[in-house]
Amino acid sequence: MTSVLDSSSAPARHQGISRPPPFRSDPATPPLVRFEAVGKRFSGVAAVEDLSLDIFPGEFFALLGPSGCGKTTLLRLLAGLEIPDTGRVLLDGQDLASVPPHRRAVNMMFQSYALFPHLNVEGNVAFGLRQDGLPKAEIAARVAAMLALLKLEGFEKRKPHQLSGGQRQRVALARALVKRPRVLLLDEPLAALDKKLRGETQFELMHLRQKLGLTFLIVTHDQEEAMTVADRIGVMDQGRLIQVASPPEIYEQPNSRWVADFIGDVNLIEGRLLASGAGCATIMSASVGRLEVATPAEASTGDTVWVALRPEKVRVSHTAPADGLGNCVAGKIWDIGYLGDISIYKVRLPDGFIMKASAANMTRLIERPFRIDEPVWLSWAGDAGVVLTR
Amino acid sequence: MTVEAIIKAQPLPRARAARRPLGWWLLILIPYLWLVVFFLGPFLIVLKISLSQTAIAQPPYTPVLDLAGGAHGLREFFNALSLDNYALIASDPIYLLSYARSVLIAGISTAMLLLIGYPLAYGMTRAPRGWQPILFMLVVLPFWTSFLIRIYAWINVLQREGLLNQLLLALGIVDTPPAWLATDTAIYIGIVYSYLPFMVLPIYATLEKLPEALLEAAADLGCPRWKAFWLVTLPLSLPGVFAGTLLCFIPIVGEFVIPDLLGGSDTMMIGQTLWVEFFANRDWPAASAVAIVLLALLLVPIMVYQQRQMRQLEGRS
Amino acid sequence: MRKTSWFNLVSIALGLAFLYLPIVILVIYSFNASRLVGVWGGWSTRWYAALLDDQDMLDSARISLAIAALSATAATVLGTLGAIVLVRGGRFRSRVLFSGMTYAPLVMPEVITGLSLLLLFVALDVDRGFWTITIAHTTLTMCFVTVVVQARILDFDTDLEEAAQDLGCPPLKTFLTVTLPLIAPAIAAGWMLAFTLSLDDLVIASFTTGPGATTLPIRIYSEVRLGVKPEINAVCTIMITIVAVVVAAASLFGKWRVGSRE
């Protein structure tokens with residue numbers, strides 16, 4: 001997987017915008033949003049189960065998971081469009097149980113945009129401000145400023161059906177943002193856009209958040225999107241939070257096979273824990289043989305564990321590595337996937353296990369260095385993998 | 001472009017081949033001809049007869065168009081036509097009162113239908129999903145039952161010794177049973193009763209299509225329930241309201257059965273006037289003139305209705 | 001967040017009660033042994049028995065059913081053609097006129113249509129009776145069929161037709177084997193609608209009738225003008241029952257078909 005965290009791979013016109021430093025939760029800062037053991041069932045099926053989560057002011061938090069994992073339900077619980085069966089939802093320490101959606105200081109950008117067809121752009125964006133009873137002059141000023149910020153000047157009098165998909169999305173965003181909510185909720189906002197537009201909009205969202213100093217909560221099933229925009233990611237499955245961490249942590253230190261497999265590509269090597277000591281562990285695997293991992297394993301000797309190894313950390317070579325680069329194994333090239341910037345090599349080990357290795361195509365040669373059925377050696381450093389116990 | 005293709009909100013208009021097979025034109029021709037002969041054509045005949053005089057003959061009007069008479073016959077024919085019937089309508093207050101009364105009753109009943117029908121349609125959309133087809137069928141079922149029967153059923157209820165009075169007497173609300181039949185009240189009850197499905201169904205169809213997300217967005221942006229209804233639901237339901245209003249108002253103006261069975265004989269609605277002119281007075285030309293004037297009166301609403309239907313059709317096909 | 005407030009429940013309940021109460025009362029009174037509405041004489045089916053002896057009434061019923069069946073069938077054919085033309089016809093000259101003629105009868109007061117058709121028949125010197133009523137009903141009801149079928153055609157997925165043609169099916173065959181079966185429920189609904197409207201029509205039938213063609217509504221109407229009659233209650237109950245059974249069966253059949261397809 002290409003490293004989306006490398007700023008040099010960002011589109012040229014974003015080079016000048018410095019990415020805000022990775023979010024660090026200061027233990028002293030109280031959470032802005034707190035979900036306390038929240039549960040919600042629909043027709044007997046649990047959409048969200050016993051879920052607790054803190055979201056801090058100023059962060060861009062992503063809820064990531066497969067369809068039906070409950071992430072949208074969690075979003076709607078915060079917006080007030082659903083009522084939790086168990087647990088509490090708190091905003092700024094205040095229990096939202098008695099607060100109906102129209103009185104909550106959160107605003108949502110809907111997946112379908114939900115623009116009012118009978119109002120023009122101006123009417124849509126001003127709608128929320130009118131409910132607050134603000135003076136007309138102020139409403140007009142704020143609407144104009146927001147439209148300028150989102151590059152919608154000139155579109156004020158257009159109706160939604162006269163706008164393109166991207167423009168409608170901006171209006172939906174403007175409408176939610178203009179009320180300066182404590183938290184902006186985004187329900188799969190980029191799902192309907194094509195890849196290029198999606199990429200550009202992701203960066204714009206990050207830029208907006210930083211500029212306005214708001215807290216964003218985004219729901220998405222697209223892991224690349226979550227990795228790009230989020231300060232922290234909450235990975236969900238079947239109504240439960242599996243792991244909450246920053247993108248690098250989620251990627252390099254998954255807490256389970258499920259998370260390791262869900263995010264990006266991974267080799268999961270099953271084996272028996274032979275020894276675990278200060279800062280390293282030794283595992284015996286039927287496919288790969290003896291593995292050394294430079295992180296301790298929280299398991300007992302003899303337990304079944306898995307080593308999660310990302311393909312880009314595995315080196316492919318024609319000959320066995322001369323330096324004692326820890327782990328290595330021999331196999332045959334089974335399949336090659338050419339992605340343009342990288343190539344993914346599937347290597348079949350003697351016992352049939354298939355390992356993936358990926359390498360950037362550093363040269364412009366059309367002829368690739370490896371061919372199918374060619375015998376090769378795979379090698380990786382001791383600290384390249386992580387031991388997983390579940 | 002990919003955005004529209006992905007979202008696919010409205011099907012795009014399909015480009016049609018300019019050439020059409022002969023069979024296609026024949027296909028269009030069949031219903032087209034039928035309607036021209038049996039719907040459009042007769043109106044011209046009505047127009048002609050409205051310009052004629054009544055006569056004790058078969059047919060009971062003169063002049064009669066006889067093509068065998070040649071050009072001379074035609075000239076005589078046209079000379080014999082006159083606007084006498086229209087002069088009669090303009091001068092005799094009975095007719096003008098009848099038109100005015102019909103429009104008034106139609107207007108008031110349409111308003112009543114709206115007041116009753118809108119909450120009913122709205123309630124149907126708020127019902128649990130599983131119930132909606134059943135509710136829909138329940139509202140439509142009386143419509144399938146005979147119109148005449150349902151009006152007749154009201155006679156049962158409204159007559160002097162009928163159930164309504166029995167109920168009122170039992171509850172002690174009145175001492176002597178009032179007369180409900182042969183009153184305007186009975187006409188209104190009958191009209192509202194018969195036309196309710198025509199008001200409810202278009203409004204229900206429009207409300208049903210309203211995406212729930214719009215109301216959630218309104219709530220999210222700070223609208224309590226009643227305000228969201230007023231600012232979002234109501235404006236977007238107006239097309240259905242217009243359709244229902246036209247669908248009711250226009251035929252009610254010309255209504256005959258209801259005022260005849262349930263109403264009194266003091267002033268008649270225009271449908272009754274036409275009937276009496278035709279069947280009782282045997283004055284076909286006068287009846288035709290009444291019909292033409294009624295048609296002229298309703299022409300604008302009819303065209304508005306037809307325009308809206310076509311626009312809806314264009315929007316969807 | 002679809003909550004049903006008590007206001008909604010009350011409005012639905014009141015609306016439905018209003019719609020059904022007179023019918024229910026009528027049905028109950030058709031079993032009233034006493035002639036008088038004010039008096040309840042106990043349960044009896046004597047009025048139904050009296051119906052069977054009433055030859056005139058039975059004749060009228062037969063005539064009405066025949067006219068309804070014939071005009072409904074003709075109206076369904078014409079109305080379906082009209083719907084196809086309107087939806088798929090694209091733009092042709094006088095399309096506006098055609099659509100105007102299609103939608104106008106929906107709202108046109110029946111006295112006007114009835115009068116105009118009668119005058120047409122007189123001008124053509126046609127004997128009025130069974131067939132003139134049938135033609136009149138066909139003209140009136142075909143527009144309703146058009147509206148119903150057109151709605152279904154609009155919802156119809158044209159990809160299916162294009163797939164059939166891509167696989168080698170000529171247009172006419174595609175229409176008969178692909179389109180028609182799928183819009184058949186709407187056509188059937190249109191037939192039922194036309195049937196009911198014809199069976200029920202009073203005004204147009206009165207204008208266009210002739211000797212020996214007294215339809216059931218005409219007969220009921222002439223009797224009803226003189227006041228409530230228990231035999232009429234019985235006739236009405238029978239008609240209501242037939243319609244209710246047919247409509248319920250149709251909707252169940254529709255559900256069964258949808259269920260079996262899933």
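The values are calculated or read from the model by the stated rules, or taken from the named source; none is laboratory data. Small disclaimer: the values here were computed from a predicted structure and weren't measured. So basically every Cβ, Gly included, is an ideal-geometry build from the backbone, and we count neighbours across all protein chains shown.
Odds and ends about this structure:
- Candidate set: the range C:184-232, residues that are among the aliphatic types (A, V, I, L, M) and not in a helix (DSSP H, G or I); chosen: the one nearest to C:E110 (Cα to Cα): C:L202
- Considering only residues in the range A:290-315 that are loosely packed, with under 14 Cβ neighbours inside 10 Å and not charged (D, E, K, R), the one that is farthest from A:G277 (Cα to Cα) turns out to be A:T304.
- Residue check, A:V219 part of a helix (DSSP H, G or I) and crowded, with 22+ Cβ neighbours inside 10 Å: no
- Of residues in the range A:274-289 being hydrophobic (A, V, I, L, M, F, W, C) and in contact (Cβ under 8 Å) with a residue 60 or more places away in the chain, the one surrounded by the most Cβ atoms within 10 Å (Cβ to Cβ): A:I283
- Out of B:L207, B:L196, B:L181, one residue alone is over 18 Å from the mean Cα position of the chain (by Cα), in a helix (DSSP H, G or I) and in contact (Cβ under 8 Å) with a residue 12 or more places away in the chain. It is B:L207.
- Unmet criterion (only one of (1) polar (S, T, N, Q); (2) under 16 Å from C:V87 (Cα atoms); (3) free of Cβ contacts under 8 Å to residues at least 24 places away in the same chain) for C:Q150: (3)
- A Cβ distance below 8 Å, combined with a sequence gap of six or more or placement on separate chains, defines the contacts here; from the range C:228-243, residues that are more than 8 Å from every other protein chain (Cβ to nearest Cβ) reach residues that are crowded, with 20+ Cβ neighbours inside 10 Å and among the polar types (S, T, N, Q) in the pairs C:P230/C:S30; C:A234/C:S30; C:T237/C:S30.
- Looking only at residues of the range B:133-147 that are touching a Phe, Trp or Tyr at 6+ places or on another chain (Cβ under 9 Å) and more than 8 Å from chain C (Cβ to nearest Cβ), we find that the one that is modelled with the lowest pLDDT is B:F143.
- Failed condition for B:I250, given (1) β-branched (V, I, T); (2) closer than 19 Å to C:T102 by Cα; (3) more than 10 Å from chain C (Cβ to nearest Cβ); (4) touching a residue at least 24 places away in the same chain (Cβ under 8 Å): (3)
- Screening A:Q94 against (1) within 14 Å of another protein chain (Cβ to nearest Cβ); (2) polar (S, T, N, Q); (3) farther than 29 Å from A:F262 by Cβ leaves a single unmet condition, (1).
Quick grid of which residues meet (1) within 30 Å of the chain's Cα centre (by Cα); (2) more than 22 Å from A:G165 (Cβ to Cβ); (3) without any contact (Cβ under 8 Å) to a residue 12 or more places away in the chain:
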{"residue": "A:L75", "(1), (2), (3)": "yes, no, no"}
{"residue": "A:T86", "(1), (2), (3)": "yes, yes, no"}
{"residue": "A:Q94", "(1), (2), (3)": "yes, yes, yes"}
{"residue": "A:M108", "(1), (2), (3)": "yes, no, no"}
{"residue": "A:Q111", "(1), (2), (3)": "yes, no, no"}
{"residue": "A:L119", "(1), (2), (3)": "no, no, no"}
{"residue": "A:L129", "(1), (2), (3)": "no, yes, no"}
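- Any hit, the range A:309-318, residues being closer than 28 Å to A:E225 by Cα, of a type in the set (D, E, K, R) and over 26 Å from the mean Cα position of the chain (by Cα): yes
- Pairs, first farther than 17 Å from B:T185 by Cβ and more than 7 Å from chain C (Cβ to nearest Cβ) in the range B:255-279, second among the acidic types (D, E) and in a helix (DSSP H, G or I), C-beta under 8 Å, six or more apart: B:Q272/B:D260
- Filter result for A:L90 (assigned by TED's automatic domain parsing to the domain that holds A:R76 and either in a strand (DSSP E or B) or not hydroxyl-bearing (S, T, Y) (or both)): yes
- Filter pass, A:G302 being free of Cβ contacts under 8 Å to residues at least 12 places away in the same chain and not assigned by TED's automatic domain parsing to the domain that holds A:P248: no
- Hey, C:A69 surrounded by fewer than 20 Cβ atoms within 10 Å (Cβ to Cβ) and assigned to a helix (DSSP H, G or I) or not: yes
- All of C:L58, C:L78 fail the test of being over 19 Å from B:F147 (Cβ atoms), more than 13 Å from every other protein chain (Cβ to nearest Cβ), assigned to a helix (DSSP H, G or I) and within 21 Å of the chain's Cα centre (by Cα), apart from C:L58.
- Residue match in the range B:93-106 (condition: touching a helix residue (DSSP H, G or I) at 6+ places or on another chain (Cβ under 6 Å), closer than 30 Å to B:F229 by Cα and surrounded by 13 or more Cβ atoms within 10 Å (Cβ to Cβ)): yes
- Answer from C:T134, C:T141 - the residue that is over 22 Å from B:L44 (Cβ atoms), in contact (Cβ under 8 Å) with a residue 40 or more places away in the chain and more than 13 Å from the chain's Cα centre (by Cα): C:T134
- A single member of C:V96, C:V107, C:V111 is over 30 Å from B:L26 (Cβ atoms), of a type in the set (A, V, I, L, M), within 8 Å of chain B (Cβ to nearest Cβ) and out of contact with any Ser or Thr (no Cβ under 9 Å at 6 or more places or on another chain), and it is C:V111.
- Of all residues in the range C:9-37, those that are assigned to a helix (DSSP H, G or I), more than 8 Å from every other protein chain (Cβ to nearest Cβ) and touching a helix residue (DSSP H, G or I) at 6+ places or on another chain (Cβ under 6 Å) total 1.
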